[in-house]
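Here's the structure we're looking at; comments come further down.
All of the numbers you see were taken from the coordinates with simple rules; none came from a lab. Computed from a predicted structure; not experimentally measured. As a convention, Cβ positions derive from the backbone with ideal geometry for all residues, glycine included, and neighbour counts pool all protein chains shown.
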Amino acid sequence: MFVLIVGGGKTGAHLAGLLLAGGNTAVIVDPRPEITEPLRQRFPRDMIVTGDGADPKVLIQAGIKKADVVAAVTSDDEDNLVVSTISRFEFMVPRVIARVNDPDNAWLFTRDMGVDVALNQADLMAKLIAEEMSIGDMVTLLKLRRGQYSLIEVKVAPGSIADGKAVRDLDLPCDCVLAAILRKGDLILPRADTVLQPVDEVLAIVRPDQQADLERLVARPDE
């Protein structure tokens, strides 16, 4: 897979390193020589392009016409939106991922602007902190299909309706799918005869309007 990364800061450089370690190829575009020159010491020189990622000519030079993914990860939301729009609508890149720096701008990062996946760092950090602090029993990990579905994590409380029941016997919401169960460090793929145990961490895909029905199954009896 070939990924074109626009933004050579810490995020872009780290992403490039992960991609190379995974056997993929990548090119980093950044207009700042003080950023790109050190990157040429770290990565193969032909991986680094000094130029404005919002300039179609620079993107062509970087190889956007053969890119499977464009990742716009600069520290400027306007630049990330411009790169996303050009990548999708001028060069028809199959997958466009954009970084959101200011949460107030998150509403702009939509498919209409060419963005397939918007990574809102502040929102992700808040969710991770909430998960680590165990605020509430249900955490939304990811929104799918522009918010039509959510990937959520929920714990099975002792004495709940789901405690000790097989998956087949649960009255799950009609559009809910159990994707995985985390039990004492082990990953379990749920089947019809899988019996839920107290403190199991269940990953499920569910519509937002049905989350309350799922939570009712795993909540403590007095809630």
- Query: Label D213 and R32 with points 7 Å out from Cα along Cα→Cβ: what is the distance between them in nm?
  - Reply: 5.0
- Determine, for I205, I181, the number of other Cβ atoms within 10 Å of each Cβ, and report the residues in order from fewest to most. I205, I181
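Order of K155, K10 from fewest to most other C-beta atoms within 10 Å?
Values: K155 18, K10 10.
Ascending number of Cβ neighbours within 10 Å: K10, K155.
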- Query: Going by how many other Cβ atoms sit within 10 Å of their own, how do D163, D104, D76 line up, fewest first?
  - Reply: D104, D76, D163
- Task: Find how much the distance from R183 to R95 grows on full extension, using 0.36 nm per residue of separation minus their present alpha carbon separation; answer in nm with one decimal.
- Result: 28.3 nm
- Message: Helix 77-89 against the longest principal axis of the chain: what's the angle in degrees, Cα atoms only, rounded to the nearest 10?
- Response: 90
- Item | Nearest-0.05 FRET efficiency for D112 and K57, computed from C-beta distance (R0 35 Å) | 0.90
- Evaluate the distance, in nm, between pseudo-label points positioned 7 Å from the Cα of D102 and of V199 along their respective Cα→Cβ axes. 4.5
- Task: Could I have the simple spin-label model distance between R40 and N24, label points 7 Å from Cα toward Cβ, reported in nm to one decimal?
- Result: 2.5
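With r defined as the distance between the Cβ atoms of D171 and M1 and R0 fixed at 41 Å, what FRET efficiency is calculated, to the nearest 0.05? It would help to have the intermediate numbers written out before the result.
Details: r = 41 Å, r/R0 = 1.01.
With a Förster radius of 41 Å, E is 0.50.
Tell me the relative contact order for the range 3-128 as a rounded percent, counting alpha carbon contacts under 8 Å between residues six or more apart. Write down the numbers at each step before the final one.
Working: 229 pairs, mean separation 26.5, N = 126.
About 21 percent, as a whole number.
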- Query: Between the range 44-109 and the range 1-42, how many Å separate their Cα centres?
  - Reply: 13
- Task: Calculate the radius of gyration of the Cα atoms of the chain to one decimal place, then report Dmax, the largest Cα-Cα distance, as a whole number, both in Å.
- Result: 21.3, 63
